[in-house]
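K.L.:
Quick one: this structure, given as structure tokens, is what I'll be asking you about.
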Amino acid sequence: MQISMWQQKNRNMENDHADRRGFMTPKNLHSPEPFLFCRRIVSGGQTGTDRAALDFAIEHDYPHGGWVPHGRKAEDGVIPLKYQLTELAEGGYRQRTRRNVEDSDGTLIINLGGELKDGTLATQVFANKMNKPHLVVPLDSGITMEAVGSIIDWLRQHSIKALNIAGPRESKRPGIYRLTRELLEAVDVAIHFMSGGRRHLESTALDVMCQDTEHTAL
């Protein structure tokens with residue numbers, strides 16, 4: 001589903017739903033400076049969550065970057081050069097994960113399918129050891145208003161500028177790419193609406209987006 005579809009469905013709808021859900025207040029509704037997602041998106045280039053974050057960044061003109069293993073290795077081969085990522089002189093996935101946590105202001109861990117495992121768990125371990133802010137968002141129930149709200153609150157609380165986005169690779173959690181993209185789109189819609197950023201996006205579009213993804217969650 002594309003944003004243009006949400007626009008067409010909701011352009012003439014009432015926009016009081018976000019207020020009742022806690023996504024806007026009279027104070028920030030007409031803020032002259034939009035509250036942005038972050039200044040830079042960082043990710044490790046793997047399939048699934050990483051790649052979804054990078055594709056979102058490119059589509060929405062967010063600066064992006066991050067460390068990748070030596071050889072630009074990912075499970076589907078060499079990470080394409082369109083992703084502006086820095087190759088480690090030596091080291092693999094674990095070293096890449098540590099550097100991305102270290103070089104970011106906070107890490108958003110997106111998960112699907114229960115407990116954190118493998119590289120996703122390592123991301124959380126590194127964040128804890130470095131005393132870096134991190135937030136785990138499970139998507140087993142799809143994209144919910146609660147998940148979107150928790151991310152926005154966390155971003156604001158920690159003043160995240162460089163945001164590391166991490167999670168499972170696609171082969172281990174099929175569907176995580178799609179859900180990650182939809183989650184980031186939902187957060188982007190909510191933030192721009194809250195800040196008064198004019199994209200002609202009504203709050204009802206966010207409701208529709210979340211309802212649709214809840215119905216199709218794996």
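Computed from the coordinates by the stated procedures, all read-outs in this text should not be read as laboratory data. All of these numbers come straight from a predicted model, not from anything done at the bench. As a convention, Cβ positions derive from the backbone with ideal geometry for all residues, glycine included, and neighbour counts pool all protein chains shown.
K.L.:
What percentages, rounded to whole numbers, describe P(r) for the range 155-196 computed over all alpha carbon pairs with 10 Å bin width beginning at zero?
P.N.:
23, 44, 27, 5
K.L.:
Just to verify a number: FRET efficiency for E87 and K117, C-beta to C-beta distance, R0 = 25 Å, to 0.05?
P.N.:
Values: r = 26 Å, r/R0 = 1.02.
It comes to 0.45.
K.L.:
Can you list residues from other chains, or at least 5 along the same chain, whose modelled amide H is less than 5 Å from the amide H of E87?
P.N.:
Sorted by chain and number, the residues that satisfy this are V68.
K.L.:
Here's something else I'd like to know. Based on the mean of other Cβ atoms within 10 Å per residue, sort peptides 144-152, 48-56, 97-105, 85-93 so the most packed one is first. Intermediate values should be presented prior to the final figure.
P.N.:
Values: 144-152: 18.7, 48-56: 26.4, 97-105: 21.1, 85-93: 14.7.
For the peptides 144-152, 48-56, 97-105, 85-93, the packing ranking is 48-56, 97-105, 144-152, 85-93.
K.L.:
Sticking with this one: Restricting to Cα pairs below 8 Å that are 6+ residues apart, what does the relative contact order work out to for the range 37-216? Please round to a whole percent.
P.N.:
Worked out over the range 37-216, it gives 28 percent.
K.L.:
Report, by chain and number, residues whose modeled amide H sits under 5 Å from the one on N111, excluding near sequence neighbours (fewer than 5 apart, same chain).
P.N.:
V137, L139
K.L.:
Using only the Cα atoms of the range 50-129, what do you get for the radius of gyration and for Dmax, in Å?
P.N.:
12.7, 34
K.L.:
Taking 24 Å as the cut-off for C-alpha to C-alpha distance, list the pairs among K73/K129; K82/K117; K82/K129; K82/K161; K73/K172 that go past it.
P.N.:
Details: K73/K129 26 Å; K82/K117 28 Å; K82/K129 32 Å; K82/K161 22 Å; K73/K172 17 Å.
Among K73/K129; K82/K117; K82/K129; K82/K161; K73/K172, the Cα-Cα distance tops 24 Å for K73/K129; K82/K117; K82/K129.
K.L.:
If I take every Cα pair under 8 Å that is 6 or more residues apart in the range 45-147, average their sequence separation and divide by the length, what percent do I get for the relative contact order?
P.N.:
Values: 124 pairs, mean separation 22.6, N = 103.
Relative contact order here is 22 percent.
K.L.:
Nearest-5 percent of antiparallel DSSP beta bridges in the range 37-216?
P.N.:
Antiparallel: roughly 10 percent of the beta bridges in the range 37-216.
K.L.:
Residue by residue through the range 136-148, what is 3J(HN,Hα) from phi via Karplus (6.51 cos²θ - 1.76 cosθ + 1.60, θ = phi - 60°)? Round to whole Hz and write x for glycine and proline.
P.N.:
9, 10, x, 10, 5, 9, x, 8, 10, 4, 5, 5, 4
K.L.:
What does the charge count around G91 come to, taking other residues whose C-beta lies under 15 Å from its C-beta (Lys +1, Arg +1, Asp -1, Glu -1)?
P.N.:
On the way: positive: R72, K73, R94, R96, R98, R99; negative: E87, E90, E102, D103.
Every neighbour counted, the sum reads +2.
K.L.:
Going from the alpha-carbon gyration tensor of the range 37-216, what semi-axes, largest first and in whole Å, does one get by taking the root of 5 times each eigenvalue? Please list the in-between numbers first.
P.N.:
On the way: eigenvalues 129, 57, 51 Å².
Working through the eigenvalues yields semi-axes of 25, 17, 16 Å.
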